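A quick write-up on the structure given underneath.
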Amino acid sequence: MTQAEQASEDGQAREPGGAAGGHIGPNLLERAGSPVGPESQISLSADRLRELYETMVLIRLFEEETERQYKKAQIGGYCHISSGQEAVAVGALEPLEHDDVLITAYRCHHLALARGVSPESVMAELFGRAEGCAGGRGGSMHLADPTRGYLGGWGIVAGHVPLATGAAFTFAQTDEPHAVLCELGEGAVNEGAWHEALNLAGLYGLPVVYLVENNMYGMGTSVHMASAEPEVWKRAAGFDMHAERVDGQDVEEVMEASDRLLRRAREERRPALLECVTYRFRGHSVADAGTSYRTEEEIEEWKGKDPIPRFGQTLLDRGIFESDEELDEVRERMDARVQEAVEFAENADLPELDSLARHVYGDEHAAEQFTRMAPGSPFGERELVLEKELGNG
Ligand SMILES: Cc1ncc(C[n+]2csc(CCOP(=O)(O)OP(=O)(O)O)c2C)c(N)n1
Ligand SMILES: [Mg+2]
């Protein structure tokens, strides 16, 4: 049977049309033969497991609020939310150590919050305020917090993957026992930058784990319509790299895989690819209803795999939470946390106009650089910088 026949047998049509790529059900969560690495050594206390659950709820409520704020025009630019993917962020980042580095694609609210960036500073960033984690200059796609080793969200698909490889190269050259975790979408794996970056990581044995959030779609194109080999983990074979595919709706499964791969990256200088099979419940961005290229039935089927109630139930079964009321109490507390973040962002200052050109070019040379950018000054930045001398503030 050819691959195309197999795909259509599995109900995953490869040709365009017909629910734009066919039905993509959670049956893809099956391991599909991916190997399993050495045992994870991570073992969390009941308190910490409760905190992981809280963070997942926080992310969900935070992002639902960002959609409301976007529609109220409090948030500008783009806004991509990750609802449905919380277990990947929380699970994969839990084993990260303080000195490890995180670098991500642009769908990054969940990753910043899971890295411990405060809801206040993420919301303020989305509102374009000076107290935002990137000084109000990045917005939704470019959250960053170098104090936590978070080198940012990046908007060019796969553009950050070579940067991650470079950071890992630095750790290897300076003999520091740290690892890089590089998050990307499955849509990035057909870009040249991905191949070049993974090749060097494999060749040099760099301490980096490439974390692919395979949410089945890149904008409106399903992985089956975009990738000759839709099982992303298999693609690591071309770079002599260990790879695993895990259920991205199971926070503990993701955490254990991430732990063992990051540990090996730090201790043995071995790169790895971790594919987490997941699904975004909402559209590509808040401007996309997300229903023209997939069916309601498919979305509902995946909502049956919602990682939050699933983990809540696991913790109830283990007696870590004792009742549904305790889960409700978490939700209320996290909701209050989100409202505090909104209030903080609303009251935070906008960046000073005088700082317009700061960080655009090296500060000393900003004025000189701006004299050369007349064609690229659509909002009159050139005049503002030169005539009003904004940029040295
Ligand atoms: C090099 C490049 N090509 C195209 C785009 C436009 N674009 C923005 S997001 C996106 C889809 C990416 O999908 P995926 O990597 O699966 O991430 P997801 O949105 O699912 O998180 C595309 C094609 C871009 N930003 N960069
Ligand atoms: Mg995707």
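For the range 285-316, what are the residues that are crowded, with 21+ Cβ neighbours inside 10 Å and part of a loop (DSSP other than H, G, I, E, B)?
Result: Val286, Arg294.
Find the residue count for the range 190-214, including only residues that are touching a Pro at 6+ places or on another chain (Cβ under 8 Å), in contact (Cβ under 8 Å) with a residue 40 or more places away in the chain and surrounded by 24 or more Cβ atoms within 10 Å (Cβ to Cβ).
7
Is it the case that His178 is within 16 Å of ligand 2 (Cβ to nearest atom) and either touching a Phe, Trp or Tyr at 6+ places or on another chain (Cβ under 8 Å) or in the same structural domain as Cys79 (by TED's automatic domain parsing) (or both)? Don't jump to the end; show me each part of the working.
Values: within 16 Å of ligand 2 (Cβ to nearest atom): no; either touching a Phe, Trp or Tyr at 6+ places or on another chain (Cβ under 8 Å) or in the same structural domain as Cys79 (by TED's automatic domain parsing) (or both): yes.
So His178 does not fit the description; no.
Take the range 94-120 and flag every residue that is β-branched (Val, Ile, Thr) and more than 15 Å from ligand 1 (Cβ to nearest atom).
Val101, Val117
Would you check if there is a residue in the range 291-303 being without any contact (Cβ under 8 Å) to a residue 12 or more places away in the chain and not acidic (Asp, Glu)? Steps first, answer last, please.
Pass one, the range 291-303, residues without any contact (Cβ under 8 Å) to a residue 12 or more places away in the chain: 291, 296, 300.
Subsequent filtering for residues that are not acidic (Asp, Glu) retains 291.
Checked the range 291-303: at least one residue is without any contact (Cβ under 8 Å) to a residue 12 or more places away in the chain and not acidic (Asp, Glu).
Can we say Val189 is under 16 Å from Leu274 (Cα atoms) and either of a type in the set (Asp, Glu) or at pLDDT 95 or above (or both)?
So Val189 fits the description; yes.
Would it be correct to say that Gly187 is within 14 Å of ligand 2 (Cβ to nearest atom) and either among the aromatic types (Phe, Trp, Tyr) or in contact (Cβ under 8 Å) with a residue 12 or more places away in the chain (or both)?
Values: within 14 Å of ligand 2 (Cβ to nearest atom): yes; either among the aromatic types (Phe, Trp, Tyr) or in contact (Cβ under 8 Å) with a residue 12 or more places away in the chain (or both): yes.
It is true that Gly187 is within 14 Å of ligand 2 (Cβ to nearest atom) and either among the aromatic types (Phe, Trp, Tyr) or in contact (Cβ under 8 Å) with a residue 12 or more places away in the chain (or both).
Under the condition of being of a type in the set (Gly, Ala, Ser) and touching a strand residue (DSSP E or B) at 6+ places or on another chain (Cβ under 7 Å), which residue from the range 190-225 is nearest to ligand 2 (Cβ to nearest atom)?
Gly218
When residues of the range 49-82 are filtered for being of a type in the set (Val, Ile, Thr) and closer than 17 Å to Gly116 by Cβ, how many remain? Give the derivation first.
First, the residues of the range 49-82 that are of a type in the set (Val, Ile, Thr): 55, 57, 59, 66, 75, 81.
Subsequent filtering for residues that are closer than 17 Å to Gly116 by Cβ retains 55, 57, 59.
Qualifying residue count, the range 49-82: 3.
The values are calculated or read from the model by the stated rules, or taken from the named source; none is laboratory data. What you see is a predicted model; the values in this text were computed from it and never measured. No Cβ is skipped: glycine too gets one built from the backbone with ideal geometry, and neighbour counts run over all protein chains shown.
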